[in-house]
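Computed from the coordinates by the stated procedures, all read-outs in this text should not be read as laboratory data. For clarity, every value in this text was computed on a predicted model and none was experimentally measured. Here Cβ is always computed from backbone atoms with ideal geometry, including for glycine, and neighbour counts include all displayed protein chains.
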């Protein structure tokens, strides 16, 4: 009884008040707010008064032609910039509630670009459809390269050699298409060039445990040296025989290509662009919806655990690196049989490194890398278009635009990202 009474008289435990921890604001949101304020100050206040800007919404051969849109440049720059800032504020509120940011980021990017164009093209005309169509084409090798990087790095192998794989793929496609005068055979042969670099990467990185970053740089130098030597000794002296490949023409998809704005951009392209759509979808589904993808991700995250359940870690890595080489080589074909129509020394011009940045920006996800590649392609095409139209931005700065966009995206917009835990770490079975 005394024990029961003592228990009954014991004070009730103190209930601490519930504390709600506010999540930190993502770096992306901070950058959006800063750029929104910058847009209002620069694009809005420094746009020449009294001038107009015209946005063309057709290329001229569509079944449904949309009229041009002419707006007062200064007013439209201010309004678009304010809407962009409001989207950034919306992203800030969504981040506090731990909701998805991509709708706000998409709205911000759209209106920020419109505000920028209202300022940069004031007093002139810009074809929006042509700008976006060209951006997609410039993004094609970046998409193929980033898919190669994802296939390798999801399995735990860093692929710095994307540049070399794109370049060798372009070379093989040009030579085979020139000798056979068949662009399709060049496209089929192109993956073999990327496979060659992928094989070297797999052998030395997986079997002999060579540092993967240094190895990738060496393989890029090898690809540049080998293709430049063969170009000088074989292709340049025999241009008509060895370096005159036919190119693919756009193939409009019935009905879809007639959709205003989106039709000419997405559905009036050559076969390499359509292959890009298929490959992105297949890789995304395979990585996240199949047993194969689960094994690949397990190898990239925790190879020891994968080994204990019977997965052959190095075999999976070897196959993925080879597959990545094939994909990058296919992307290299775009340069010669779907774009330029001839091979040139170092014609990939650093696209492999930008593709690697797209892998990081896209957080090692195919759809994320696709969006990053499109962003970089847009920045690249924008500087070309604005250089032709004429803009208050110095031409030297315009040439830096694609690379500045790459740096800002990786260093400023992404913030903290986490690569696969075993990425770049050789697996030595004990």
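To the nearest 0.05, what FRET efficiency results for residue 256 and residue 305 with a Förster distance of 41 Å applied to their C-beta separation?
0.35
Is the range 27-123 best put as rounded, prolate or oblate by its Cα gyration tensor, with a ≥ b ≥ c the root eigenvalues, rounded for a/c under 1.5, and otherwise prolate when a/b is larger than b/c, oblate when not?
oblate
What whole-number distance in Å separates the alpha-carbon centres of the range 51-88 and the range 164-234?
If you average the Cα positions of each part, the centres end up 43 Å apart.
Which one, 176, 203, 272, has the greatest fluctuation when you compute a Gaussian network model over the chain with C-alpha springs under 10 angstrom?
Most flexible of the set in this elastic network: 203.
Taking every DSSP beta bridge with both residues inside the chain, roughly what % is antiparallel (nearest 5)?
Once the DSSP bridges in the chain are tallied, antiparallel ones form about 65 percent.
May I ask you to order 330-341, 296-307, 314-325 by the average number of other C-beta atoms within 10 Å around their residues, highest value first?
330-341, 314-325, 296-307
How long is the gain from residue 233 to residue 349 if the chain were fully straight, where each residue apart is worth 0.36 nm and the alpha carbon distance is subtracted?
39.6 nm
Could you tell me which of rounded, prolate or oblate describes the range 74-207, using a ≥ b ≥ c as the square roots of the eigenvalues of the alpha-carbon gyration tensor, with rounded for a/c under 1.5 and, failing that, prolate when a/b is larger than b/c and oblate otherwise?
Taking the square roots of the gyration eigenvalues as a ≥ b ≥ c, the range 74-207 is oblate.
If the chain between residue 99 and residue 82 were fully stretched, how many nm would it gain, using 0.36 nm times the residue separation less the Cα-Cα distance?
Gain on stretching residue 99 to residue 82: 3.9 nm.
Mean residue ellipticity at 222 nm from the helices of the chain, using -39,500 (n - 2.57) per DSSP H segment of n ≥ 4 over the full residue count, to the nearest 500 deg cm²/dmol?
After summing the helix terms and dividing by the residues of the chain, the value is -20500 deg cm²/dmol.
Once a ≥ b ≥ c are taken as the square roots of the eigenvalues of the Cα gyration tensor of the range 195-270, is the result rounded (a/c under 1.5), prolate (a/b larger than b/c) or oblate (a/b not larger than b/c)?
oblate
R0 = 35 Å: FRET efficiency of residue 45 with residue 65, Cβ-based, nearest 0.05?
Result of the calculation: an efficiency of 0.50.
Taking the Cβ-Cβ separation of residue 319 and residue 188 as r and a Förster radius of 22 Å, what is the calculated FRET efficiency to the nearest 0.05?
0.60
So if each residue of separation counts as 0.36 nm, and I subtract the Cα-Cα distance between residue 281 and residue 417, what length gain in nm does that give?
That works out to 46.7 nm of additional length.
Going by average Cβ neighbours within 10 Å, how do the peptides 187-194, 380-387 rank, with the highest at the top?
187-194, 380-387
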